[in-house]
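Undergrad: The following block contains the structure, expressed as structure tokens.
The values are calculated or read from the model by the stated rules, or taken from the named source; none is laboratory data. Just so we're clear, the structure is a prediction, and the values are computed from it rather than from any experiment. All Cβ positions, glycine included, derive from the backbone under ideal geometry; neighbour counts span all protein chains shown.
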Amino acid sequence: MHRMSTHVGSGQDLAPQVIVIFGARGDLARRKLFPGLYHLAAAGRMPREYAVIGSGRHAPASVEDFRSSIRGAIAESVDRVDASVLDDLIARVSFRESSAKDGADLATAVRAAEAKLGQDACRLLYLAVPPTAMDGIVEMLGREGIADRARLVVEKPFGRDLTSSRELDRTLKSVVSEEQVFRIDHFIGKEAVQNILALRFANRLFETVWDRHSIESVQIDVPETLSLEGRAAFYEGTGCLRDMISTHLCQLLGFVASDRPDELDTHGLRSAKVSTFKALRAFDPERTVFGQYDGYRDEEGVDPDSTVETFVALEAWIDNDRWQGVPFHLRTGKSLAEGRRTITLRFLPPGHEIFSESACPHEIILELTDDPVVKVDVRGKRPGPALTVAPATLRLDYAEDFSADHALEAYERLLLDVMRGDQMLFSHSEEVDLLWQACQPLLDSPPATKSYEPGSWGPDAALDLPSGGWHLSGH
Ligand code: BG6
């Protein structure tokens with residue numbers, strides 16, 4: 001049986017890898033992928049033999065230029081860079097121009113790298129490109145034979161809607177098999193998200209109350225203080241629904257709401273999520289609020305008349321025996337009052353109330369921070385001569401209870417999983433299809449985008465979407 005563990009072996013067990021990063025000069029590669037490769041190398045988790053080929057439509061002035069920009073990117077996000085690890089990584093990096101039309105040079109470079117690394121070398125093709133560019137590149141990879149035997153990492157969002165995601169899936173399947181596709185959602189790579197499975201399925205304490213008989217409502221709340229951070233071109237073509245809801249927040253919903261997987265392996269986890277997403281009722285535009293922060297249209301690269309949503313709050317329902325009648329509220333947006341990733345499961349009141357103070361919060365709170373925190377707000381006896389209760393908290397604090405020595409950042413964990421050929425933490429095409437089905441009504445009839453003040457909690461209309469308002473621990 002597959003054990004959930006981050007205590008993975010050293011990189012020495014891994015086959016040599018030829019890693020090609022499309023969009024290698026883009027934001028994701030600079031902020032996450034190259035720093036991730038560096039961290040893996042520093043931790044001895046990269047294979048002994050590997051090469052990294054950056055690719056994209058616009059070549060840097062020279063390979064040296066590209067290498068020095070990668071050095072800069074790593075220096076920006078890594079605290080204490082080990083010069084020898086960095087030099088070793090940079091020496092393996094090169095760049096080859098490629099486009100949907102022409103991948104001949106790249107194909108030659110991949111074959112040359114393989115010839116050096118040996119015939120058992122694996123191909124890891126990371127497509128860090130927007131949905132509009134994806135199909136063309138995949139077709140090119142097929143034509144040039146680059147996709148043969150390769151593992152293809154596909155960045156979210158997977159398509160722009162149900163139709164285009166199905167097209168992308170057809171394109172992918174015409175070139176590779178499902179076993180070669182790694183649809184990445186970095187939220188699933190977070191320790192805190194995998195911890196949801198550990199909490200639920202390794203402890204009788206939680207799983208026995210994890211359903212409509214004990215839980216009144218669930219909130220999945222991911223407000224961000226960040227705004228565009230120079231990503232106007234991506235964001236204008238994507239918006240908050242596709243960027244965050246159809247992927248990250250829906251995957252969190254899958255982790256929170258799914259039944260216990262039969263096995264903790266790729267098939268088990270994916271099947272459990274697929275069943276849940278089949279029961280997910282299509283989102284209702286009447287119960288969804290779209291917002292856009294004031295000043296968004298003045299950002300560089302944004303259409304002055306843009307109606308793109310930078311905020312979404314919605315109500316979701318899962319029509320199965322476990323969750324029938326329990327509302328799930330999802331909220332996320334840019335330029336909000338606080339940056340949080342918090343899941344709150346609110347309990348029903350005790351069946352038979354013998355204490356008078358019934359108004360205290362009674363919740364399970366999952367703070368999906370880098371060092372996860374799990375809190376259970378309960379009621380305890382108030383010290384004193386009367387038998388009355390007061391709020392108290394049971395708390396699991398990763399920073400205190402576990403050593404973080406083995407913790408991996410989300411992209412690092414997922415890159416490692418691709419190199420190991422483990423698809424468990426990647427989405428199956430059926431999950432993606434079902435989630436687009438749920439989102440499609442909002443794309444067909446989007447609610448009007450309402451404005452909100454930066455630093456607020458979004459448009460007023462969103463505040464009372466959950467009856468009784470949003471509960472965010474600490475407020
Ligand atoms: C990305 C989105 O996938 O996730 C960004 O494109 C968002 O818009 C980011 O800010 C949030 O991820 P994290 O891990 O920084 O919370």
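Undergrad: Look at the range 38-52 and say how many of its residues are more than 18 Å from Y411 (Cβ to Cβ) and surrounded by fewer than 16 Cβ atoms within 10 Å (Cβ to Cβ).
TA: Selection size over the range 38-52: 1.
Undergrad: Answer yes or no: is there a residue in the range 178-187 that is assigned to a strand (DSSP E or B), over 20 Å from L434 (Cβ atoms) and within 16 Å of the ligand (Cβ to nearest atom). I'd like the intermediate steps shown before the answer.
TA: Here is the first cut: in the range 178-187, the residues assigned to a strand (DSSP E or B) are 181-184.
Going one step further and asking which of them are over 20 Å from L434 (Cβ atoms), we end up with none.
The answer is no, given that none of the residues of the range 178-187 is assigned to a strand (DSSP E or B), over 20 Å from L434 (Cβ atoms) and within 16 Å of the ligand (Cβ to nearest atom).
Undergrad: Name the residue, out of D464, D377, that is farther than 30 Å from G11 by Cβ, of a type in the set (D, E) and surrounded by 13 or more Cβ atoms within 10 Å (Cβ to Cβ).
TA: D377
Undergrad: Right, something else. Can you list the helices (runs of 4 or more DSSP H) found entirely within the range 230-294 that contain at least 1 residues being within 16 Å of the ligand (Cβ to nearest atom), of a type in the set (S, T, N, Q) and at pLDDT 95 or above?
TA: 250-257
Undergrad: Hey, another quick one. Would you point out the residue of the range 163-177, among those that are part of a helix (DSSP H, G or I) and touching a Leu at 6+ places or on another chain (Cβ under 8 Å), that is nearest to the ligand (Cβ to nearest atom)?
TA: Checking each candidate, the answer is L172.
Undergrad: How many residues does the range 204-229 contain that are part of a loop (DSSP other than H, G, I, E, B) and not charged (D, E, K, R)?
TA: 9
Undergrad: Give the residue that is surrounded by the fewest Cβ atoms within 10 Å (Cβ to Cβ), with candidates limited to residues of the range 53-104 that are β-branched (V, I, T) and part of a strand (DSSP E or B). Before you say what the answer is, go through the steps one by one.
TA: So the first thing to find is which residues in the range 53-104 are β-branched (V, I, T), and the list is 53, 63, 70, 74, 78, 81, 85, 90, 93.
Add one more test, that the residue is part of a strand (DSSP E or B), and what stays is 53, 93.
Details: I53: 22, V93: 20.
Applying the filter and picking the extreme gives V93.
Undergrad: Another question, if that's okay. Failed condition for H329, given (1) closer than 19 Å to E224 by Cα; (2) buried (at least 23 other Cβ atoms within 10 Å of the Cβ), with all others met?
TA: (2)
Undergrad: Quick check on the range 205-221. Is at least one of its residues within 15 Å of the ligand (Cβ to nearest atom) and crowded, with 18+ Cβ neighbours inside 10 Å?
TA: Of the range 205-221, the ones within 15 Å of the ligand (Cβ to nearest atom) are 220-221.
Those left that are additionally crowded, with 18+ Cβ neighbours inside 10 Å: 220-221.
Looking through the range 205-221, at least one residue is within 15 Å of the ligand (Cβ to nearest atom) and crowded, with 18+ Cβ neighbours inside 10 Å.
Undergrad: Another one. Looking at L226, is it within 13 Å of the ligand (Cβ to nearest atom), more than 18 Å from S429 (Cβ to Cβ), touching a residue at least 12 places away in the same chain (Cβ under 8 Å) and not small (G, A, S)?
TA: Spelling it out, L226 is indeed within 13 Å of the ligand (Cβ to nearest atom), more than 18 Å from S429 (Cβ to Cβ), touching a residue at least 12 places away in the same chain (Cβ under 8 Å) and not small (G, A, S).
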